[in-house]
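Quick notes on the structure that follows.
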Amino acid sequence: MKTDSKTIPSIHELPEHVKRMIAAGEVIEGPHSVIKELIENSADSGAGRISVKIEDGGMRRIVVTDDGCGILPDELKLAITEHATSKITSVDDIQSIYSYGFRGEALSSIAAVSHITILSRPHNMEEGAKLVSDDSISVLPFAGPVGTTVIVEHIFYNTPARKKFLKARSTEIRLIRESFIKIAIANPAIVMTLENEDKVLMSLPAREHIRERLADIYGSNEASRLLEGAVQDLKVNVNGFISSLEGLKRSRSMQFLFVNGRPVEYKNLSFHVNRAYDSMLPKGLHPVLFLFITIPPDLIDVNVHPCKREIKLFDTRYIDSLIYGFVKKTLGQNEIHLDLSVFTNYKNDNTSERELHSNSYVNGAGQDPSNLCRIADNDLNSINVSVKDNESSRISKSDEIMGRFNNPGNCEIMNDYSDDPLKTGPSKTISYINDGRDIYNQLHNWHYIGTLFKTYLLVEKEESLKIVDFHAAHERIIYDRLIKNEEKPSVQKLIFPEEINMDIQEVSFVLDNLDVLFSMGFDLDIFSQESLVIRGIPETLDPSQAITCIQEFAQSVSDLTLDRNAGDYFIQIRNHAAERVACHSAKRAGDPMSRIDAESLLVKIFSGSYPLRCPHGRPFVADISRKDFDKLFRRLI
């Protein structure tokens, strides 16, 4: 409330219920926060079994049951009081925390914004107690099983403003699953189940080893690609798993750090892991990581974040060096070397277009870099020109020029490139064209020459040469057709449905965005919590690319930070999906291109209806004038 300069506002203490609701706002972000806090309490209680059930994405009802030590009947009412806890008794105890909770804020914060019921019986008592907290608090006798059950209903019923900004139900389910998985990974000995509307989402048996728990969550194929390692110093132990090159992902959603069993976020983690992999990582791919650091609790501060997602380390450089050393040592122990076949496989699906095209230019057809670059025309004989592109300085003396051109087997193109053309960019003689309308007005007498490097279309028009990247051009046409969505997308039904095995997180991302994929022309069914079945795909998509397209979409969407309640959410996700479909539907470098197909493509892109850039923003039409050629061959001084 603003006041004018003449009014002196009085300072007053807030009522207790207002204090509690403000404090709850820092701890409880949504149903996923409630479940995180309750599961942590159950794990702290020594439970061997934890069950989580939700209704309506956790908004209507959350039930968490464990078989832990329970709460004494006469302390049950105290349990929902702010800063009441059994974990610490003094400030010094904070320096020796191994439990998840310690502040005594979880139950009080949940009770402040919902209706909560707690049923608990300690293992050494025949009768426990039941607490009901809605508008008032009552405690009744309870003769149920040993352990504790917490029922949370109508979250944020008394804070409509907070409720309005909650994420969509499907998003909350995904966040709940993420919280559930993090605790499950760190506690493999606990039997854990997660149900939504009486449907089992995850059921994890007790395991002796974390690798077995990872196999339960992500599948045995994923777990088999993990490399196990450990490094140890005087006080700090680092152990865990990293992926082999066959297990790399297109997002960082499977990178986890646990400190003394607590899942935490650490901003430097990905940087140091990628640095340790060095040049072995293809661009756009990331390692899987499950890292466990055991450290004396007095060397960390766990009391720096309201939700305890972050901690403060005594020496971040020291921890960074241990993380880096762990990855290096684990890769070295497993004799991970740079395997070119791995990168060849990834290049087909994941290499950026710039890298793909530059690779086909330098190593065309798998031959030596000085190979002949062929310009082919269906109606003309092939012309072979030997090209060397590593000349870094211009030749100014006439005798040097004549000496080179008197050698019939050494026709060199002199340009402005340094030794690394990707760093300096294209020659200054090349200009990019962004608008096809002017070209279209002039192309009534153009001549299609042929393809270059099986990647570019060459078009002669009077005094210039137009060079078109046909993959990017075709990608733009397909993308725009999908985005406009002027008619129902054509679907090609698969004779034999394809099953996709993905991790649970990726399946959940697909579930969250099924409507978007349906609008693209996909027909998908959920087969299990770790797999999907593809029954139909967009008509333009090559069936061999269907699985890769879905996997890339799921993994890339996991990296996006979008609010599903935002008005443009569907549009942003649709555009993202259209990019993947267009990329995998378009003709690729090396694909055969007939004259009819080439000329049809050229007519479309130069019609003025399309921007001359691919959906990722790269230009796909370049122009070299005759004057530039004359300068290149010293016809013009």
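Kindly rank 462-469, 186-193 from highest to lowest mean number of other beta carbons found within 10 Å of each residue.
Descending mean neighbour count gives 186-193, 462-469.
Could you tell me the accessible area of H115 in Å² (1.4 Å probe, neighbours in place), rounded to the nearest ten?
Ignoring ligands and nucleic acids, H115 comes out at about 50 Å².
As an exercise, identify the GluC sites (Glu not before Pro) in segment 119-180 lying in DSSP coil whose Cβ has no more than 14 other Cβ atoms within 10 Å.
Answer in residue order: E126, E127.
Give K36/K283; K36/K167; K461/K604; K235/K312; K36/K164 a once-over and call out the pairs whose C-alpha atoms are over 23 Å from each other. Provide the component values of the computation, followed by the final result.
Numbers: K36/K283 34 Å; K36/K167 16 Å; K461/K604 17 Å; K235/K312 17 Å; K36/K164 21 Å.
In this structure, K36/K283 lie more than 23 Å apart at Cα.
Using the Kirkwood radius over Cα pairs, work out the Stokes-Einstein diffusion coefficient for segment 488-637 at 10 °C and 1.306 mPa s, in µm²/s as a whole number.
On the way: Rh = 18.0 Å.
In µm²/s, the coefficient rounds to 88.
Note down the accessible area of C69, probe 1.4 Å, to the nearest 10 Å².
Counting only protein heavy atoms, C69 exposes about 70 Å² to solvent.
How would I526, I449, I11 rank on accessible area, largest to smallest, probe 1.4 Å? Provide the component values of the computation, followed by the final result.
Working: I526 65, I449 40, I11 170 Å².
My answer, sorted largest first, is I11, I526, I449.
Divide, for segment 582-623, the radius of gyration over alpha carbons by 2.2 N^0.38 Å, where N is the residue count.
So the Cα radius of gyration is 1.22 times the expected 2.2 N^0.38 Å.
Please turn the phi angles of segment 258-265 into ³J(HN,Hα) values with the Karplus equation 6.51 cos²θ - 1.76 cosθ + 1.60 (θ = phi - 60°), one per residue in order, whole Hz, x for glycine and proline.
10, 10, 6, x, 8, x, 9, 9
Just to make sure I understand: if all protein chains stay in place, what is the order of Y448, Y266 by accessible area at 1.4 Å, largest first? Don't skip to the answer; put the middle values down first.
Numbers: Y448 10, Y266 45 Å².
I get Y266, Y448, largest accessible area first.
S45: accessible area at probe 1.4 Å, nearest 10 Å²?
Using a 1.4 Å probe on the heavy atoms, I get roughly 30 Å².
Roughly how many nanometres apart are two label points built 7 Å out from the Cα toward the Cβ at V200 and I526?
Roughly 1.5 nm, to one decimal.
Starting from the eigenvalues of the Cα gyration tensor, five times each then square-rooted, give me the equivalent ellipsoid semi-axes of segment 483-530, largest first, whole Å.
Details: eigenvalues 98, 45, 8 Å².
So the equivalent ellipsoid measures 22, 15, 6 Å along its semi-axes.
With every protein chain kept in the model, how would you rank F314, F629, F527 by accessible area, 1.4 Å probe, largest at the top?
Final ranking, largest accessible area leading: F527, F314, F629.
The values are calculated or read from the model by the stated rules, or taken from the named source; none is laboratory data. These numbers come from a predicted model, not from an experiment. Note that each Cβ is placed from the backbone with ideal geometry, even for glycine, and that neighbours are counted across all protein chains shown. Ligands, DNA and RNA are stripped out before the accessible areas are found, and what is left, the full protein with its side chains, is counted by its heavy atoms. Shrake-Rupley method; radii C 1.70, N 1.55, O 1.52, S 1.80 Å.
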